[in-house]
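Everything below concerns the one structure shown next.
Read the figures in this text as sums done on the coordinates, not as results from a lab. Remember, it's a predicted structure, so these values are computed and weren't measured experimentally. When we count neighbours, we look across all protein chains shown, and the Cβ atoms used for this are built from the backbone with ideal geometry, even at glycine.
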Amino acid sequence: MSHTSVTSLPRPTPVGTRVSHCAAVRVSARLLPLAALLTLLWGAEVAAQPTAALTGRWTVNTKLSDDTDDQVEDALRRAGEKITRSWFNRDKEFYRGGPVEQELYDRLSYDTVLAIDPVGDHFRFTYADDFSREVFTDDRSRAVSLTGLDAVEDFSLGHVEDDRFVIETQPRDGGVIYETYRLLDQGLRLEVQLELQPSSFTESITLRRVYDRTD
């Protein structure tokens, strides 16, 4: 911490320099509110319509996202299961595939494209191969047909928590998925935190996926 003696007062600034400094301050004062205003406007838009701000086309940023196969193996290790993938077989999407009622887990954790569109009172999430699902936001209860398992579909309910859109999904296999969506970098990126709990797993699969906006 510096200390200035009373007898060593600072020298007066030359008049020309003072005018130049004031001019610079006035320019900065004009630019700063504009940048701040743009940030506030974007933040206000997200706060007012957080789900609407998510709409668009997105592509996974593999450098910023977790590797799904690695996260599956982490869940298997925690459950005491044997890892079947060897160091000599590091193919991507090694754990992808399985019963049709578990397809949604693969779409969320492996597909590299995502489109989010508003459709009436809900949102449609579309993945690769035009696979889509509906995410409802009106707190409706789940209606399951009694004609059998073939009539049961993946069911998703979403709600807003601060600047995040949170979804709870009941896949067709009887498991559960928790999803949290949050915009980053002024809306140019989308962060998705996933917790997948397939009915065949005793430990949940957790992973972070980051998408870049492409529209």
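Summary of values
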read-out: DSSP bridge pairs, the stretch 50-213: antiparallel proportion in percent, nearest 5; value: 95
read-out: Gyration tensor (alpha-carbon) shape descriptor, the stretch 49-88, a/c threshold 1.5; value: prolate
read-out: Residue exposure sequence - Ser65, Ser156 - by fewest surrounding Cβ within 10 Å; value: Ser65, Ser156
read-out: Rounded if a/c under 1.5, otherwise prolate or oblate - the stretch 50-213, Cα gyration tensor axes; value: oblate
read-out: Dipole magnitude of the stretch 50-213, debye to nearest 20 (Cβ charges: Lys/Arg +1, Asp/Glu -1, about Cα centre); value: 360
read-out: Highest-first arrangement of 100-108, 74-82, 172-180, where packing means the average Cβ count within 10 Å; value: 100-108, 172-180, 74-82
